[in-house]
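Single-structure report; data block below.
The values are calculated or read from the model by the stated rules, or taken from the named source; none is laboratory data. Keep in mind it's a predicted model, so treat the numbers as computed, not measured. Every residue, glycine among them, receives a Cβ derived from its backbone with ideal geometry; neighbour counts consider all protein chains shown. Protein only, heavy atoms only, side chains kept; ligands, DNA and RNA dropped before computing areas. Shrake-Rupley method; radii C 1.70, N 1.55, O 1.52, S 1.80 Å.
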Amino acid sequence: MQTCYTTKSTTRYFLVLFAFCLFFQNSSAQSDSEKVSAEELHDWAHYLASDEMKGRQNGSPEMKEAARFIAENFKSSGLKPLPGMDSFFQPYTFKSRRSGELKEQNVLAYLEGSDPDLKNEYIIFSAHFDHVGIGRIVDGDSIYNGANDNAAGTTTMMGLARSWKRSGIRPKRSVIFAAFSGEEMGMHGSRHFFENCPVSSDNIFMNLNFEMTGHCTKLGKQRYYITGPSYTNFDELLDEYNIETKWKRDATVEGADGLLFASDNVVFAVDRSEDEMKLNIPAHTLCTHGGEDHIHRPHDEPGFMNYDNMADLVNYLAKLGIFLSEMDDDVIKWDHKAFAKAMKNRRR
Ligand SMILES: [Zn+2]
């Protein structure tokens with residue numbers, strides 16, 4: 001069961017903000033010609049998850065090509081390199097047990113916020129774009145395309161940037177779009193980003209990470225879940241926001257709390273610098289996966305994904321992103337007590 005940690009005054013503030021945002025949503029609704037189409041998302045995901053990309057193995061030439069493709073896409077959406085960086089690429093090396101030292105890079109892009117004060121704070125929308133490469137042959141196929149994991153999340157993130165470019169609507173806080181490599185081998189890209197953060201990590205308002213947003217056969221259309229719902233009030237804020245939207249958060253996904261640790265968001269969410277794990281920056285993964293059976297298998301192919309649902313999600317996120325970009329600083333709160341208790345039980 002969820003517990004509400006919002007204080008009365010923040011609740012009142014939130015409701016006023018909420019009413020304002022509903023007004024804003026209606027007055028700034030995108031016309032159909034401005035929306036990012038299912039066909040565009042289809043083409044981007046088919047490129048990233050094509051057989052030619054050989055499963056986007058970290059350190060491979062295909063990963064370089066994928067990074068180039070993402071950077072070009074960011075550029076076409078009018079995004080810029082991060083302040084202090086002269087390109088979209090953030091190179092790094094990491095050691096892998098199997099392959100030794102590998103060279104990789106994150107692809108980072110920046111959209112300056114429209115508010116003179118809030119633009120000094122950052123929302124990070126992220127998705128990993130690496131996958132596991134070529135592996136054991138299953139039914140004659142050895143290429144692990146990684147369409148849903150995670151060409152889908154990467155495409156969703158690129159769609160969000162493109163959507164804002166088309167509508168001309170700008171978030172108030174600045175936004176960093178981060179395509180991370182190295183996730184499948186231990187979240188090396190996101191960790192490198194966080195430890196060498198081009199902006200002060202104190203100014204990161206939150207991270208929303210996208211994973212496996214390509215299928216909707218199990219949860220149904222216009223449904224998603226977030227990871228770590230029991231440790232936060234973000235789930236409740238979303239549910240309140242969603243009263244007026246067709247998209248709803250599914251609160252029934254089993255193991256959603258543990259999945260807080262399963263993707264790049266954990267690098268922002270959990271501070272492991274001392275003996276005890278502590279919660280840090282609000283950071284969750286948004287996912288539409290409901291247990292479809294293609295994860296880390298060769299049949300995670302782009303042809304099986306639902307691009308109408310993904311386009312609809314991008315449209316929803318374009319409005320949600322604006323809402324998050326102007327929310328009061330203290331509204332999203334971790335529930336440190338619930339987290340500490342869960343960690344204790346985990347160790348038992
Ligand atoms: Zn993934």
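Comparison of A262, A269 shows that the only residue that is more than 15 Å from the ligand (Cβ to nearest atom) and of a type in the set (G, A, S) is A269. Given the condition surrounded by fewer than 18 Cβ atoms within 10 Å (Cβ to Cβ), over 30 Å from N196 (Cα atoms) and in contact with an Asp or Glu (Cβ under 9 Å, 6 or more places away or on another chain), answer yes or no: does some residue in segment 226-247 qualify? Yes; the residues of segment 226-247 include at least one that is surrounded by fewer than 18 Cβ atoms within 10 Å (Cβ to Cβ), over 30 Å from N196 (Cα atoms) and in contact with an Asp or Glu (Cβ under 9 Å, 6 or more places away or on another chain). Tell me yes or no: at least one residue of segment 125-133 is at pLDDT 95 or above, of a type outside the set (V, I, T), away from the ligand (no atom under 11 Å from the Cβ) and open to solvent by 10 Å² or more (accessible area, probe 1.4 Å). Looking through segment 125-133, none of the residues is at pLDDT 95 or above, of a type outside the set (V, I, T), away from the ligand (no atom under 11 Å from the Cβ) and open to solvent by 10 Å² or more (accessible area, probe 1.4 Å). At pLDDT below 60, in a helix (DSSP H, G or I) and within 30 Å of V331 (Cβ to Cβ), is that true of C4? Judged against the criteria, C4 is not a match. Could you say whether any residue in segment 66-79 is open to solvent by 70 Å² or more (accessible area, probe 1.4 Å), out of contact with any Leu (no Cβ under 9 Å at 6 or more places or on another chain) and assigned to a strand (DSSP E or B)? Scanning segment 66-79, I find no residue that is open to solvent by 70 Å² or more (accessible area, probe 1.4 Å), out of contact with any Leu (no Cβ under 9 Å at 6 or more places or on another chain) and assigned to a strand (DSSP E or B), so the answer is no. Among the residues of segment 159-188, those identified as away from the ligand (no atom under 16 Å from the Cβ), open to solvent by less than 10 Å² (accessible area, probe 1.4 Å) and among the aliphatic types (A, V, I, L, M) are L160, A161, V175, I176. Within the option set V36, V16, being at pLDDT 95 or above and among the β-branched types (V, I, T) holds for one residue only, V36. With the structure loaded, tell me whether N315 is touching a residue at least 12 places away in the same chain (Cβ under 8 Å), open to solvent by less than 60 Å² (accessible area, probe 1.4 Å) and part of a helix (DSSP H, G or I) or whether it fails that test. In short, yes. Suppose the filter is within 16 Å of the ligand (Cβ to nearest atom) and surrounded by fewer than 22 Cβ atoms within 10 Å (Cβ to Cβ); does R191 pass it? For R191, the condition - within 16 Å of the ligand (Cβ to nearest atom) and surrounded by fewer than 22 Cβ atoms within 10 Å (Cβ to Cβ) - is met.
Within segment 283-308, the set of residues being crowded, with 23+ Cβ neighbours inside 10 Å and over 18 Å from K221 (Cβ atoms) comprises A283, H284, T285, D300, P302.
Against the criterion of being free of Cβ contacts under 8 Å to residues at least 40 places away in the same chain and among the aliphatic types (A, V, I, L, M), V266 does not qualify. Just to be sure, is D264 buried (at least 20 other Cβ atoms within 10 Å of the Cβ) and under 17 Å from the mean Cα position of the chain (by Cα)? It is true that D264 is buried (at least 20 other Cβ atoms within 10 Å of the Cβ) and under 17 Å from the mean Cα position of the chain (by Cα). In segment 177-190, the residues that are under 14 Å from A151 (Cα atoms) reach residues that are of a type in the set (F, W, Y) and within 12 Å of the ligand (Cβ to nearest atom) with C-beta atoms within less than 9 angstrom, at least six apart or across chains, in these pairs: A179/F129; F180/F129; S181/F129; E183/F129.
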